Amino acid sequence: MMIAKKSKQTQNITKTKREKGFCKGLYRKSSHINLEISRQVGRGIVEFAKTHNVKVIVIESLSGWKAKAGKKGSLLKQKFHLWCHAKIVEIVTDRWSELGGQIQAINPKYTSAYAFDGSGKVKRDQNNYSLAKFATGKLYNADLSASYNIGARYWYCLTVGDKTFSRVFVSQSSNDTLRTPVTLGTLRTITAS
């Protein structure tokens, strides 16, 4: 926000575009803050995994992911751009590998778009985007629902023998029939039968 404020002030006074190296100190400060956030989050994930005797940490493979939210030049766009997912993954991978653990990346497609209970697509709350409304009517935290689906996708791929962990849908369809994404509900139906 400090950079956005200074940029607005500078452009209002000079009526020109920003020069190369504009707010270099603030950009450096924000990158150091992001690095420290990455270290703290990575340390927290590894400590949680050690405490609970975890063998595998499952993450979404977000390489090549680009943010779609926010207008060009908006603070929301900048927050997505500066989000430090890759650094967190790098730190967790390094620390967890040193401890003899395993990291598995899975395909993230539709993990947050579908309810973990298998009831279908979710609708996000207009006032609070972190809440998801399931087709059954219940409200749930969207990130928690997505994390259930991420874990379920890992176990589903192990169950069906997909060693690439790229499986998104339960069925392989060659025509235009609707396919169901792998959710926690899908995993429950497999283990129940």
message: Please compute the Kirkwood hydrodynamic radius of the stretch 93-159 from all pairs of different C-alpha atoms, in Å with one decimal.
response: 13.2
message: Let me check I've understood the local charge: for G101, count other residues with C-beta under 10 angstrom from its C-beta, Lys and Arg +1, Asp and Glu -1. What total comes out?
response: +2
- prompt: In terms of modelled amide H atoms, which long-range or inter-chain residues lie less than 5 Å from the amide H of I106?
  reply: I59, E60, S61
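Of S30, S147, which has the most accessible area and how do the rest follow, probe 1.4 Å?
Values: S30 30, S147 55 Å².
Solvent-accessible surface, decreasing: S147, S30.
The values are calculated or read from the model by the stated rules, or taken from the named source; none is laboratory data. These numbers come from a predicted model, not from an experiment. When we count neighbours, we look across all protein chains shown, and the Cβ atoms used for this are built from the backbone with ideal geometry, even at glycine. Side chains included, ligands, DNA and RNA excluded: accessible areas come from the protein's heavy atoms. Shrake-Rupley method; radii C 1.70, N 1.55, O 1.52, S 1.80 Å.
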